[in-house]
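Peer 1: Right, I'll just put the structure down here and ask away after.
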Amino acid sequence: MTALGTGSTVGTRDKRRIANLDGIRGLCAMVVVITHVAFSTGVVLGSESGPPQQGIWSILAVGLEVGLGPFFIMSGLFLYKPFARRTLLGSGKPELGAFFLRRGLRLMPGYWLLTAFCLLFLNFSSIHSVWYVLRPILLMQDYDFVWYAGMDPTWTIPTEAQFYLVLPLLAALMHWLAKGVDDPALKARRMVIPLVVMVVAGFAFAGYMHMEHLGPWPPEFWWPFSRLGLFGVGMWLAILSVRAEQSPERVPSLYRAAAKRPNLFWVGALAAYLLACSAPLGHPGTWDYGTPQFAMIQHVAFLAFAFLLMVPLVAPKAESRLMDSVLSNGPTRFLGRISYGVYLWHFVVMYLWFQSGSIFGAPPVPAGMLIGTVGFWEMLAVVIAGTLVIASLSYYFFERPLMNLGERVIERRRARAAAPAAVTPQVAEKKDDRQPASV
């Protein structure tokens, strides 16, 4: 195992950094939960209902939407990093079979378990065709958009899965662009070209989604393209991390700044969050969809928050007692381990508490239509407690055993592939013993 950003043996600080990354996953997952509970209990309503229903708390709750962005940046950073090492350091090409197996087992079994539960217990009375069942199983609900009770946040799962499929192709393109260049800095600059395109395309699509002729909350809102910038920024951070490994004496200036003033980056992240809360050109504290201009500002805020939050967590030699105390403690790390289950299951707990779904004898009603039936703090306590139980069971008895099985499969494949190389020299030596000395 190698340390993040150094490629050397893991030390105490490196272990703490890995713990911090677990912690940030856990905290961001809980931020998503709080956001959805706020939207489902009337803390946040549309501007047609008048001023923010709970004043400053409504305004702060709307801004918590920024908590989703760091997950996409982490995907781009950590999944692209082995490919960046190949291009910049000349290391071996990542095994695509192992890559897809690991990513598939991390993403799909937990999601399919949730899908089966929601179809059988919450949406069973709504099943009217085979396609209704197959649509979420095949990750097509973002394009042929249909609402499924309990699966409200799973629009991000197709986005992640499609990024996994496209990443090797992007990595091949970036490798080709850098091919034949000897200067590492020039290599890195050429590799960044597709990432700039991704960021620009993300802004363009975010603006397009908010065009007036599409109306509020169009199906296109759930498509993955507006998240391209987050993936691209994560991949850029991967390039910077490998450059820091390549030339420890010439660490990129961004990472030097993070090592010198790590907490200042979190101050910047806080400013980006407050920008999202203030909703320039929009209505603070509401869930109004907004204009393209509003969407551009929100896109900047979301991108800046995720970027500034993550940089000091991956920059070499960036140390912060604040970050360590917030992220490396046991409870936060535990939340990080089960964060995927927390993200997947918290809406199920809400619908069960609302008693909305087929299991209660009637078709489910969207959470937004049940506002006012329960208070925020009551709902938050129930959702956190129920989600932690379900997510823990899912992780320890379903997700982790399957991931461990995948690792054993990968190791067996590697062992079989290495066996002929180990046996061949011995066989050749025995044949030489039987041959004349002149041969």
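The values are calculated or read from the model by the stated rules, or taken from the named source; none is laboratory data. This one's a predicted model, so the numbers in the text were calculated from it and none came from an experiment. Note that each Cβ is placed from the backbone with ideal geometry, even for glycine, and that neighbours are counted across all protein chains shown. These area figures cover heavy atoms from the full protein model, side chains too; ligands, DNA and RNA do not enter into them. Shrake-Rupley method; radii C 1.70, N 1.55, O 1.52, S 1.80 Å.
Peer 1: Using only alpha carbon pairs under 8 Å that are at least six residues apart, calculate the relative contact order of the chain and give it in whole percent. Intermediate values should be presented prior to the final figure.
Peer 2: Details: 604 pairs, mean separation 132.1, N = 439.
Reported as a whole number, the value is 30 percent.
Peer 1: Shifting gears a bit: Which value, in debye to the nearest 20, gives the size of the charge dipole of the stretch 160-300 about its Cα centre, when Lys and Arg are +1 and Asp and Glu are -1 at the Cβ?
Peer 2: Working: 10 positive and 8 negative charges, 121 e Å.
With only Lys, Arg, Asp and Glu charged at Cβ, the dipole is about 580 debye.
Peer 1: So what is the relative contact order for the stretch 164-261, in percent, with contacts set as C-alpha pairs under 8 Å and at least six apart?
Peer 2: On the way: 60 pairs, mean separation 22.3, N = 98.
Averaging sequence separation for qualifying contacts and normalising by length gives 23 percent for the stretch 164-261.
Peer 1: May I ask for the distance between the Cα centers of the stretch 86-129 and the stretch 274-295, given as a whole number of Å?
Peer 2: Rounded to whole Å, the Cα centres lie 33 Å apart.
Peer 1: How much of Tyr273 can a 1.4 Å solvent probe reach, expressed as accessible area in Å² and rounded to 10?
Peer 2: Rounded to the nearest 10, that gives 40 Å².
Peer 1: Identify the chymotrypsin sites (Phe, Trp or Tyr not before Pro) of the stretch 286-353 meeting these criteria: DSSP loop state and at most 11 other C-beta atoms within 10 Å of the C-beta.
Peer 2: Details: sites: Trp287, Tyr289, Phe294, Phe302, Phe305, Phe307, Phe334, Tyr340, Tyr343, Trp345, Phe347, Tyr351, Trp353; in loops: Trp287, Tyr289.
Qualifying residues, ordered by number: none.
Peer 1: Also: Identify which of the listed values of Cα Rg over 2.2 N^0.38 Å was calculated from the structure shown: [x] 1.09; [y] 1.51; [z] 1.42.
Peer 2: Looking at Cα Rg over 2.2 N^0.38 Å for this model, the match is [x].
Peer 1: Show me the trypsin sites (Lys or Arg not before Pro) within the stretch 177-232 that DSSP assigns to loop and that have at most 14 other Cβ atoms within 10 Å of their Cβ. Provide the component values of the computation, followed by the final result.
Peer 2: Numbers: sites: Lys179, Lys187, Arg189, Arg190, Arg227; in loops: Lys179.
Counting only loop positions with at most 14 other Cβ atoms within 10 Å, the trypsin sites (Lys or Arg not before Pro) in the stretch 177-232 are Lys179.
Peer 1: Taking Cα atoms of the stretch 111-192, Rg/Rh with Kirkwood Rh, to two decimals? Working shown, then result.
Peer 2: Values: Rg = 19.7 Å, Rh = 15.3 Å.
Looking at the stretch 111-192, the ratio lands at 1.29.
Peer 1: Right, next: Please list Asp288, Asp142 in order of solvent-accessible area, largest first, computed with a 1.4 Å probe with all protein chains present.
Peer 2: Values: Asp288 40, Asp142 0 Å².
The residues order as Asp288, Asp142, largest area first.
Peer 1: Would you mind checking the tilt of helix 156-178 against the longest principal axis of the Cα atoms of the chain, expressed as 0 to 90 degrees and rounded to 10?
Peer 2: Tilt relative to the chain: about 40 degrees.
Peer 1: Carbon and sulfur together cover what percent of the accessible area of the chain at a 1.4 Å probe radius?
Peer 2: On the way: 13660 of 20480 Å².
Summing carbon and sulfur atoms, their accessible area is 67 percent of the total for the chain.
Peer 1: With the other protein chains left in place, how much accessible area per residue, in square angstrom, belongs to the stretch 239-360 at a 1.4 angstrom probe? Display every interim value, and only then the final one.
Peer 2: Working: 5190 Å² over 122 residues.
Ligands and nucleic acids excluded, the figure is 43 Å² per residue.
Peer 1: Please turn the phi angles of the stretch 349-360 into ³J(HN,Hα) values with the Karplus equation 6.51 cos²θ - 1.76 cosθ + 1.60 (θ = phi - 60°), one per residue in order, whole Hz, x for glycine and proline.
Peer 2: Once θ is set to phi - 60°, the couplings for the stretch 349-360 become 4, 4, 5, 5, 5, 6, 6, 10, x, 4, 4, 9 Hz.
Peer 1: Whenever you get a sec, line up Ile56, Ile371, Ile24 from highest to lowest accessible area (probe 1.4 Å, protein heavy atoms). Spell out each step's value before the answer.
Peer 2: Working: Ile56 115, Ile371 50, Ile24 5 Å².
Final ranking, largest accessible area leading: Ile56, Ile371, Ile24.
Peer 1: Between Leu45 and residues 5 or more places away or on another chain, which pairs have amide H atoms under 5 Å apart, with H built 1.01 Å from N, and which residues are they?
Peer 2: Gln53, Trp287
Peer 1: Short version: ³J(HN,Hα) in whole Hz for each residue of the stretch 214-226, in order, from phi by Karplus 6.51 cos²θ - 1.76 cosθ + 1.60 (θ = phi - 60°), x for Gly and Pro, what are they?
Peer 2: For the stretch 214-226, the Karplus-derived couplings read 7, x, x, 6, x, x, 4, 4, 8, 5, x, 5, 6 Hz, x marking Gly and Pro.
Peer 1: Pairs of lysines 8 or more apart, or on different chains, with alpha carbons under 21 Å: count those in the chain, would you?
Peer 2: So the count of such lysine pairs works out to 11.
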